[in-house]
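Data block below; observations after.
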Amino acid sequence: MKSQVRAVVIGGGVVGASVLYHLAKIGWTDVMLIEKSELTSGSTWHAAGGMHTFNGEANISRLQKYTIDLYREIEDLSGQSCGLHPNGGLMLAATPGELDSLKLICSRARYLGMETEMISLEEAKRFNPLIDARYFIGALWRADGGHCDPSGTTHAYVAAARKLGASVERFTRVLGLHPRRDGSWDVATDKGAVHAEHVVNCAGLWAREIGHMVGAELPVLAMEHHYLVTEAIPELAGLSREIVNTTDYAGEIYMRQEGRGVLMGVYEPHGKIWSPMRTPDDFSMQLLPDDVERLAPYFEVGFRHFPALGRVGVKKAINGPFTFAPDGNPLVGPLRGLRNFWVACAVMAGFSQGGGIGLVLSRWMAHGDPGQDILSMDVSRFGAFATPKYASLKVPENYARRFRLAYPNEELPAARPVRRSPIYDKLIAAGAVMGANFGLEHALWFAPDGVKRWETPTYRRSEAFPTVKAECRAVRAGVGLYETTNYGKYEVTGRGARGWLDRVFACKIPKPGRLALAPMLNPAGRVVGDLSIACLADDRFMIVGSGFAEEFHMRWFWQANPPADVFVRSQASTLCGVSIAGPKSRELIQLVTRADLSSAAFRLFQVMETSVGFAPAILTRAGFTGELGYEIWTTPDYFATLYDDLWDAGRDLGLAHFGGRALSSLRLEKGYGSFNKDFRPDYTAAETGLDRFIDFSKADFIGRVAALAERESGPKRKFVVMEVADVDAEVVGYESIMKDGKAVGYVTSGAYGHYIDKSLAAGYVPTALANEGETLEIDILGEVRAATVRLEPLYDPRGLRLRG
Ligand SMILES: Cc1cc2nc3c(=O)[nH]c(=O)nc-3n(C[C@H](O)[C@H](O)[C@H](O)COP(=O)(O)OP(=O)(O)OC[C@H]3O[C@@H](n4cnc5c(N)ncnc54)[C@H](O)[C@@H]3O)c2cc1C
């Protein structure tokens, strides 16, 4: 065994094998995979080997497509067969909601370049004659996908990596991980020590235990999972090709041909966590005792929906464990606070996702950037809130809905509430319907007296539509209050703060008393943050951004090496806020503060520290609604009192609550993009339009070279807002935008513009099509709708109300 390598990959399942291959392929040939037992001996060996491109996140779908396409490459390189059965896939819908979900997948697939089609049930039966069409109302067919041989695939990755120079140590157990001062690691094993620049945790079922070795509590848990393999099915005899792999949404069932029979797996509603406290060290190439009795009612659904299966015997029942993160997507990337330590774990669909994970992780390790937006599998999407208790509730919830896309208005109930702001109970009393963002409860909309706090999960307009409309109108006509505690908040202090911020952000750093919109770029000039910086004193700054990105941004700040005289801390739990917006907002706040708020004294993008009612507060003149507006920030101990003071003062002015849904409508009427939806690391500053906040005269900032180059060449695509010919559904995200029937771009977010009474979509289109009045089409739930580009904000284009 070598004593020194560039990287050690812990774990010889399909994920570790792919990471090893991709590191070798990118040029890191001096890499070693360490496996405590035989390759595949964790969850990999007993997998059903199904592969597909289905994922709620378009970027992950794209990486799944990459994975499936990769198998021919590693077969050629290694000479080892992956046992591919590229049968394609069928997805069956039993309800109108599920059918909408299939149509959305179809619209997304068109731009992603995937061959997908809605088909009739008669056609579906031609692909899989075992379907009883009476239970379904529609079907989607996709060309990609099928199944592979788990062991062959893993060995093909490893053999291909070996050919490129990588080494593999089997039957070698990692016992401890010890960091050196230079950021490298001493990896202690039962066969001696290895010194490695980088370590990757691909330990699958043991990822949690490897995390413990470095003091990290990863939100990952294993679930028991069953599938059955039937005896030969007469209906399959004589078919000229295998049946197409089939997913039954309503039954949470998947099935595929296995020899002359069928393999059928089920994701039952009350799944069982396996080894919740610690994964046994000696579990290797093992299965769990089957519990077919517990699973019987769910398999019976399969026997009804595919009756031929129930007419033959069951040859074997498999129960094996595999791991999940709370939202079902993998955990990938570096962990904050640990140098050169990476994770690639909680991979529940290793044969669909392993290749893509290896690709982005190898780029991240070798080039410092994953090369594309992978926010939805970035380990940083979970913060301190994702405790073992949280994972123990969320993982089974996710397991039970394995094949479902979440409806855009759907809030999942497990592990709720976790983080509550001091006004949570007051908002609930006011009718708030809550969502959760980074574990924190926040109001989506407020049900007036007599209106049910419930809406049907749907892709179309819900019961909340008229209520959200009323909230939007209250803001535009009078004054509204929105709680901003769920934003990401950071404090940067110290003598070196201004200089450091100047390098980290692309904008001009504001002078004391001013606030600036602050794009943050990566070295490739892509947007990793769309924040605001308020300068409270020359050495004290408050930064505000997206709440979901709190850990992501803290990691980014940490990686930007603040010097010894700069202190960066998250204020996620130490600062609470409200936005007061609308033409009467000045009048309202003036009632509770002695500060002069007149338009000459306190202009747009000014900030002051003052008192608002009883509360010592930071008051900014800013907001996201396009109205005259203010944000007020104070500490949690004063926050409920601040709310009471505002509410008492606002009663006569008609102060109304508004929630996140109304905010989405108001911001799109102004054409404002939002980080995570519209602005993500996939897009450059010029594509997003955030380049207008860049200070190109600065000598240096991260991403400057790339942003300057793009300023010369111009962006290839642009972010635009479109007016969509009225439908009964707004766009959700990643639907195809078409010109003359050809997909040219995709949607990033949408909302009904309640004040202007128009359905709005935001997205990216080629620069040549980003013209005022350009007519495009968007496929919304299977209907092609006209979409007209609007370059000017549809509401208050000159910004007079904002500056009022
Ligand atoms: C019944 C069943 C059916 C499935 N069907 C499918 C399917 O159809 N399609 C699909 O894509 N996925 C399927 N899966 C999921 C799939 O198995 C996983 O996504 C995949 O195996 C995850 O691979 P991994 O490499 O992350 O983890 P693992 O396979 O668990 O590999 C981790 C490896 O790390 C090693 N290791 C751990 N600790 C140490 C240590 N200290 N030192 C050295 N080595 C260590 C282990 O020995 C193990 O080999 C199924 C799973 C089950 C249980």
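The values are calculated or read from the model by the stated rules, or taken from the named source; none is laboratory data. Just so it is clear, the structure is predicted and the values come from calculations on it, not from any experiment. Heads up, the Cβs are rebuilt from the backbone with ideal geometry, glycines too, and the neighbour counts pull from every protein chain shown. We work out accessible area using only protein heavy atoms, side chains counted, and drop any ligands, DNA or RNA first. Shrake-Rupley method; radii C 1.70, N 1.55, O 1.52, S 1.80 Å.
General remarks:
- Residue in the range 507-517 that is over 29 Å from A709 (Cα atoms) and either open to solvent by 60 Å² or more (accessible area, probe 1.4 Å) or touching an Asp or Glu at 6+ places or on another chain (Cβ under 7 Å) (or both) present: yes
- When the range 591-636 is filtered for residues that are open to solvent by less than 10 Å² (accessible area, probe 1.4 Å) and of a type in the set (K, R), only R621 remains.
- Filter result (out of contact with any His (no Cβ under 7 Å at 6 or more places or on another chain), within 14 Å of the ligand (Cβ to nearest atom) and not in a helix (DSSP H, G or I)) within the range 49-79: H52, T53, F54, N55
- Unmet requirement for G450, which otherwise passes all of (1) over 30 Å from Y734 (Cβ atoms); (2) of a type in the set (G, A, S); (3) touching an Asp or Glu at 6+ places or on another chain (Cβ under 8 Å): (3)
Yes/no per residue for (1) open to solvent by 30 Å² or more (accessible area, probe 1.4 Å); (2) more than 26 Å from V187 (Cα to Cα); (3) among the hydroxyl-bearing types (S, T, Y); (4) in contact with a Cys (Cβ under 6 Å, 6 or more places away or on another chain):
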site	(1), (2), (3), (4)
A346	no, no, no, no
H367	yes, no, no, no
P370	no, no, no, no
T387	yes, yes, yes, no
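- Number of positions in the range 17-51 that are in contact with a Lys or Arg (Cβ under 8 Å, 6 or more places away or on another chain) and of a type in the set (K, R): 1
- Taken across the range 116-126, residues that are assigned to a loop (DSSP other than H, G, I, E, B), at pLDDT 95 or above and either more than 15 Å from the ligand (Cβ to nearest atom) or open to solvent by 30 Å² or more (accessible area, probe 1.4 Å) (or both) do occur, with at least one present.
- K103 being away from the ligand (no atom under 14 Å from the Cβ), in a helix (DSSP H, G or I), open to solvent by 30 Å² or more (accessible area, probe 1.4 Å) and touching a residue at least 12 places away in the same chain (Cβ under 8 Å): yes
- Residues (in a loop (DSSP other than H, G, I, E, B) and open to solvent by less than 20 Å² (accessible area, probe 1.4 Å)) located in the range 670-680: K670, G673, D678, R680
- Residues (touching a helix residue (DSSP H, G or I) at 6+ places or on another chain (Cβ under 9 Å), among the hydrophobic types (A, V, I, L, M, F, W, C) and under 21 Å from L628 (Cβ atoms)) located in the range 664-692: L666
- The residues of the range 549-577 that are surrounded by fewer than 22 Cβ atoms within 10 Å (Cβ to Cβ), among the aromatic types (F, W, Y) and within 17 Å of S380 (Cβ to Cβ), listed by number, are W556, W558.
- Residue among T53, T67 that is of a type in the set (S, T, N, Q) and at pLDDT 95 or above: T67
- Residue tally, condition assigned to a loop (DSSP other than H, G, I, E, B) and either within 9 Å of the ligand (Cβ to nearest atom) or crowded, with 24+ Cβ neighbours inside 10 Å (or both), over the range 8-48: 17
- Taken over the range 650-669, the criterion of being among the small types (G, A, S) and open to solvent by 20 Å² or more (accessible area, probe 1.4 Å) is satisfied by G654, A656, S664.
- In the range 338-356, the residues that are away from the ligand (no atom under 11 Å from the Cβ) and either hydrophobic (A, V, I, L, M, F, W, C) or modelled with pLDDT under 95 (or both): L338, F341, W342
A quick yes/no check of all residues on (1) free of Cβ contacts under 8 Å to residues at least 12 places away in the same chain; (2) open to solvent by 30 Å² or more (accessible area, probe 1.4 Å); (3) under 23 Å from the mean Cα position of the chain (by Cα):
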residue	(1), (2), (3)
Y407	no, yes, yes
V433	no, no, yes
L444	no, no, yes
V451	no, yes, no
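- Subset of the range 141-182 (residues that are in contact with a Cys (Cβ under 8 Å, 6 or more places away or on another chain) and either of a type outside the set (A, V, I, L, M, F, W, C) or more than 9 Å from the ligand (Cβ to nearest atom) (or both)): D149, G152, T153, A156
- Scanning the range 163-199 for residues being out of contact with any Lys or Arg (no Cβ under 8 Å at 6 or more places or on another chain), more than 23 Å from E38 (Cα to Cα), open to solvent by 40 Å² or more (accessible area, probe 1.4 Å) and assigned to a strand (DSSP E or B) gives a total of 1.
- Of residues in the range 309-323 being among the β-branched types (V, I, T) and within 15 Å of D290 (Cα to Cα), the one least open to solvent (accessible area, probe 1.4 Å): I318
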